[in-house]
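Taking it in order: structure first as structure tokens, then the write-up.
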Amino acid sequence: MIRIKHLSKAYGNHQVLRDINLEFEPGHVYGIVGANGAGKTTLFRSIAGIENHDGEVEYANSPLKNDLGFLDAQPIMMSKITGWEYLKLVLISRGIAEENFESQNLFDLPLGQYAETYSTGMKKKLALTGILLQANQVLILDEPFNGVDIQSNLIIIELIKKLKALNKIILISSHIFSTLSETCDQIHLLKEGVIEKSVLKKDFTALESEMKDIILGNQLKQINLR
Ligand code: ADP
């Protein structure tokens, strides 16, 4: 289990996260949904230990970083490293000797090409393949569906379901609620750095229509359609 207690984060005078308290259990998928700028990436980076923050992140098998697969919203690849070499490197970092990547290349990536030349979506798929091959117990996926083609989106949804069945702790963020509703057990709404609402699966439909009404209600009134 991961326990987040009173997590706050500021960049200078800009308070980005305010007193976040959350718990994440194995075998569950948790969504963090919020508009761009709400603080999702900062929250994930703080949990991962990449950002300094106030408050505690407790994890049973501390340190969390040894068990964590973190998918960046926009992964950056080193220059002159092929997809194959990237996978080899991330596995060496965990002491795993594996070279048979072609059979596990579930997104059909051109592993012989330099990863730096991949599109944003391909880089994301390569980074995701890497953290899956590492067999991490905890997965934090920052906007995994964003910028990725529909077929890969479907693969990612199925992967998340399999990871849940394997008793992993899975955290996913999105700025679009509907992308999370199929896979998540619980969704936390993050607004301006505060958890505004936490909703269990049985209430997703009601929450989605409530959010749609709030967003569309105000916007559509401004246009005088004829
Ligand atoms: P989200 O992932 O929900 O789009 P972010 O966590 O990326 O939101 O950003 C939340 C806020 O924190 C934004 O206002 C953003 O400009 C600010 N922010 C993020 N990273 C930094 C940084 N390194 N320095 C200063 N401000 C930052």
Which condition from (1) touching a Phe, Trp or Tyr at 6+ places or on another chain (Cβ under 8 Å); (2) modelled with pLDDT of 95 or more is the one that TYR118 breaks?
(1)
Give just the number: which of (1) in contact with an Asp or Glu (Cβ under 8 Å, 6 or more places away or on another chain); (2) in a helix (DSSP H, G or I); (3) within 16 Å of the ligand (Cβ to nearest atom) does ILE157 not satisfy?
(3)
Considering only the range 1-107, give the strands (runs of 3 or more DSSP E) lying wholly within it that have at least 2 residues that are surrounded by 19 or more Cβ atoms within 10 Å (Cβ to Cβ) and within 12 Å of the ligand (Cβ to nearest atom).
14-24, 28-33
Looking only at the range 205-217, decide whether some residue is closer than 22 Å to MET1 by Cα and either in contact (Cβ under 8 Å) with a residue 12 or more places away in the chain or within 16 Å of the ligand (Cβ to nearest atom) (or both).
no
Of the residues in the range 138-172, those that are of a type outside the set (A, V, I, L, M, F, W, C) and buried (at least 18 other Cβ atoms within 10 Å of the Cβ) come to ASP142, GLU143, PRO144, SER152, LYS164, LYS168
Reported set for the range 44-78 where residues are over 25 Å from ASN13 (Cβ atoms) and under 17 Å from the mean Cα position of the chain (by Cα) is LEU64, LYS65, ASP67, LEU68, GLY69, PHE70, LEU71, ASP72, GLN74, PRO75, ILE76
If GLN137 satisfies all but one of (1) touching a residue at least 12 places away in the same chain (Cβ under 8 Å); (2) over 23 Å from VAL29 (Cβ atoms), what's the number of the condition it fails?
(2)
Could you check how many residues of the range 180-198 are without any contact (Cβ under 8 Å) to a residue 40 or more places away in the chain and within 14 Å of the ligand (Cβ to nearest atom)?
1
Filtering the range 5-36 for residues that are under 18 Å from ASP185 (Cα atoms) and of a type in the set (A, V, I, L, M) leaves a count of 4
Scan of the range 34-82 for residues that are modelled with pLDDT of 95 or more, within 24 Å of ILE160 (Cα to Cα) and polar (S, T, N, Q), ordered by number:
THR41, THR42, SER46
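The values are calculated or read from the model by the stated rules, or taken from the named source; none is laboratory data. Every value quoted in this text rests on a predicted model; they were computed, and no experiment measured them. Cβ sites come from the backbone with ideal geometry, for glycine too, and all protein chains shown count toward neighbours.
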